[in-house]
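Visitor: Quick one: the structure is below, questions incoming.
Just so it is clear, none of the values below were taken in a lab; they were calculated from the coordinates. Here the structure is a predicted model, which is why all the values come from computation and not from measurement. A quick note on method: Cβ atoms are made from the backbone with ideal geometry, for glycine too, and the neighbour counts reach across all protein chains shown.
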Amino acid sequence: MIKYALQCAENHKFEGWFSSSADFDRQKSEALLECPVCGSKHVEKALMAPAIVKGGSVKAPEALAKMAEEWNSAAKKAQDYVAKNFEHVGKKFPEEARRQHYGETKPAPIYGEATPSEVKELKDEGVTVAPVPQPIPTPSDTKKKLN
């Protein structure tokens, strides 16, 4: 996993995690990157200070496991918040999001399922949608599945 400091055309700064540099390039070329503040699709890598480790080196697998643990903890908190504070509308999500967007129903926080093409259509219509963060597999998850 690679963490990049990112910046949109409106100068909003945020971070993104990618499986590789090529993964970032692919997502950028397919216009999958979006500023979480303003929704701009014009996202670039920002300048980053290098991480300097004193007193010995950190082993890559240990550092990756720690990053995965931190990500999974944050993803779990986000999932819990959404489950507690949003209404689950299931597969009706695209329909309900449109109804709210076009003023047919009162705006309310909702979540549910949508295919990638449905998400693209919603965004093309100007409907604000965002994925709920999902946990990433860790080495301990892989060991559990093997046992």
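Visitor: Looking only at the range 1-22, which residues are of a type outside the set (A, V, I, L, M, F, W, C) and either surrounded by 14 or more Cβ atoms within 10 Å (Cβ to Cβ) or touching a residue at least 12 places away in the same chain (Cβ under 8 Å) (or both)?
Guide: Our first condition is that a residue be of a type outside the set (A, V, I, L, M, F, W, C); within the range 1-22, this holds for 3-4, 7, 10-13, 15-16, 19-21.
Listed by number, the residues that qualify are K3, Y4, Q7, E10, H12, K13, E15, G16, S19, S20, S21.
Visitor: Counting just the residues of the range 70-99 that are in contact (Cβ under 8 Å) with a residue 12 or more places away in the chain and among the polar types (S, T, N, Q), which one comes out surrounded by the fewest Cβ atoms within 10 Å (Cβ to Cβ)?
Guide: Among residues in the range 70-99 that are in contact (Cβ under 8 Å) with a residue 12 or more places away in the chain and among the polar types (S, T, N, Q), the one surrounded by the fewest Cβ atoms within 10 Å (Cβ to Cβ) is N85.
Visitor: A further question on this structure: Suppose we keep only residues that are free of Cβ contacts under 8 Å to residues at least 24 places away in the same chain and part of a helix (DSSP H, G or I) within the range 101-118. Which one would you say is farthest from E62 (Cα to Cα)? Quick ask: steps written out before the conclusion?
Guide: Step one: list which residues in the range 101-118 are free of Cβ contacts under 8 Å to residues at least 24 places away in the same chain, which gives 102-108, 113-117.
Next cut, part of a helix (DSSP H, G or I) only: 116-117.
Values: P116: 33, S117: 37 Å.
Ranking the qualifying residues of the range 101-118, first place goes to S117.
Visitor: Identify the residue in the range 100-120 that is touching a strand residue (DSSP E or B) at 6+ places or on another chain (Cβ under 8 Å) and surrounded by 13 or more Cβ atoms within 10 Å (Cβ to Cβ) and, among all such residues, is farthest from Q134 (Cα to Cα). Explain how you work it out, then say what you get.
Guide: In the first step, residues of the range 100-120 are kept if they are touching a strand residue (DSSP E or B) at 6+ places or on another chain (Cβ under 8 Å); the result is 100, 108-113.
Next, only the ones that are surrounded by 13 or more Cβ atoms within 10 Å (Cβ to Cβ) stay: 100, 110-112.
Details: Q100: 25, I110: 17, Y111: 14, G112: 14 Å.
Looking at residues that are touching a strand residue (DSSP E or B) at 6+ places or on another chain (Cβ under 8 Å) and surrounded by 13 or more Cβ atoms within 10 Å (Cβ to Cβ), I get Q100.
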